[in-house]
Amino acid sequence: MIVAAASVSMLVAGPAQADVTPEAFGNCGKRAARSAILATDVPARVKAALPEGYVPDPGTRLARFYFRPYFVECSDLNGDNRRELIAQFGGSTVSSPTPWTILEVPRGRTEPRAAFLQPSVSYLDLLVRRRYVAERQKTLRPTDPNCCPSGPVKTRIVRWTGTRFEYAGRRPPDEDVPDPPPD
């Protein structure tokens, strides 16, 4: 009887602790991420932020290639028990900007929205942690060829403030995260 009660309590506690992946993110793979990105205003915002003609017009075949992610991960960054999609995409050459974004699907909605967007970074590695993303950007020295930065790595932390994702300096935050916004 005690074993059965423990099993039932574990079954009941399980879903409350499990992350929910919104349907818009599918299996959190690259194809699903591209569809989610194209369903938001991210293409238009990236196009507006980068030099004219650099980013193809959203909706064109070439834009679908540009907005194909090469880094994707789903993780619950804001502690609301729903996973956000972190994706890095773009960049037709080694030195091209490689924008990255955090997409979320708010409760009660089915369409993704951009919770964070950084359109103009290059030579970037993203490290997804439990409650934040570390943006590590390699820097070019004046003597470096355009393809191969050898300068120091510049690290910035993107974390949830309780209302939005924003840069929070160079040090990782405490793992305590403010409560998510009310539904």
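Would you call TYR123 on the phi > 0 side of the Ramachandran plot, free of Cβ contacts under 8 Å to residues at least 40 places away in the same chain and under 17 Å from the mean Cα position of the chain (by Cα)? It is true that TYR123 is on the phi > 0 side of the Ramachandran plot, free of Cβ contacts under 8 Å to residues at least 40 places away in the same chain and under 17 Å from the mean Cα position of the chain (by Cα).
Does ALA114 qualify as being open to solvent by less than 20 Å² (accessible area, probe 1.4 Å), under 21 Å from PHE67 (Cα atoms), of a type in the set (Gly, Ala, Ser) and in contact with a Leu (Cβ under 8 Å, 6 or more places away or on another chain)? Can you show your working first?
On the way: open to solvent by less than 20 Å² (accessible area, probe 1.4 Å): yes; under 21 Å from PHE67 (Cα atoms): yes; of a type in the set (Gly, Ala, Ser): yes; in contact with a Leu (Cβ under 8 Å, 6 or more places away or on another chain): yes.
Against the criterion (open to solvent by less than 20 Å² (accessible area, probe 1.4 Å), under 21 Å from PHE67 (Cα atoms), of a type in the set (Gly, Ala, Ser) and in contact with a Leu (Cβ under 8 Å, 6 or more places away or on another chain)), ALA114 qualifies.
Being in contact (Cβ under 8 Å) with a residue 12 or more places away in the chain and over 21 Å from LEU127 (Cβ atoms) is a description that applies to ALA63.
Annotation note: of ALA63, ALA48, ALA36, the sole residue that is touching a Phe, Trp or Tyr at 6+ places or on another chain (Cβ under 7 Å) and either crowded, with 17+ Cβ neighbours inside 10 Å or part of a helix (DSSP H, G or I) (or both) is ALA36.
Does the range 80-89 contain at least one residue that is part of a helix (DSSP H, G or I), within 20 Å of the chain's Cα centre (by Cα) and modelled with pLDDT of 85 or more?
In the first step, residues of the range 80-89 are kept if they are part of a helix (DSSP H, G or I); the result is none.
Looking through the range 80-89, none of the residues is part of a helix (DSSP H, G or I), within 20 Å of the chain's Cα centre (by Cα) and modelled with pLDDT of 85 or more.
Scan the range 4-27 residue by residue and report those that are surrounded by fewer than 18 Cβ atoms within 10 Å (Cβ to Cβ) and either in contact with a helix residue (DSSP H, G or I) (Cβ under 7 Å, 6 or more places away or on another chain) or modelled with pLDDT of 50 or more (or both).
Step one: of the range 4-27, the residues surrounded by fewer than 18 Cβ atoms within 10 Å (Cβ to Cβ) are 4-20, 23, 26-27.
ALA18, ASP19, VAL20, GLU23, GLY26, ASN27, listed by residue number.
The C-beta contact set for the range 30-47 (first residue over 12 Å from PHE65 (Cα atoms), second residue part of a helix (DSSP H, G or I), distance under 6 angstrom, 6+ apart or interchain) comprises ALA32/PHE25; ALA36/ALA24; ALA36/PHE25.
Quick one: is CYS147 in a loop (DSSP other than H, G, I, E, B) and hydrophobic (A, V, I, L, M, F, W, C)? Yes. Select from the range 126-164 the residues that are under 12 Å from the mean Cα position of the chain (by Cα) and surrounded by fewer than 15 Cβ atoms within 10 Å (Cβ to Cβ) and list them in ascending order. The answer is LEU127, ARG129.
Candidates in the range 66-83 are the residues that are open to solvent by 30 Å² or more (accessible area, probe 1.4 Å) and of a type outside the set (D, E, K, R); of these, the one that is nearest to ALA114 (Cα to Cα) is VAL72.
The values are calculated or read from the model by the stated rules, or taken from the named source; none is laboratory data. Predicted model, so just to flag it, every value in this text is computed and none were measured. Glycine gets a Cβ as well: all are built from the backbone with ideal geometry, and neighbour counts include every protein chain shown. The area values use the complete protein model at the heavy-atom level, side chains included, leaving out ligands, DNA and RNA. Shrake-Rupley method; radii C 1.70, N 1.55, O 1.52, S 1.80 Å.
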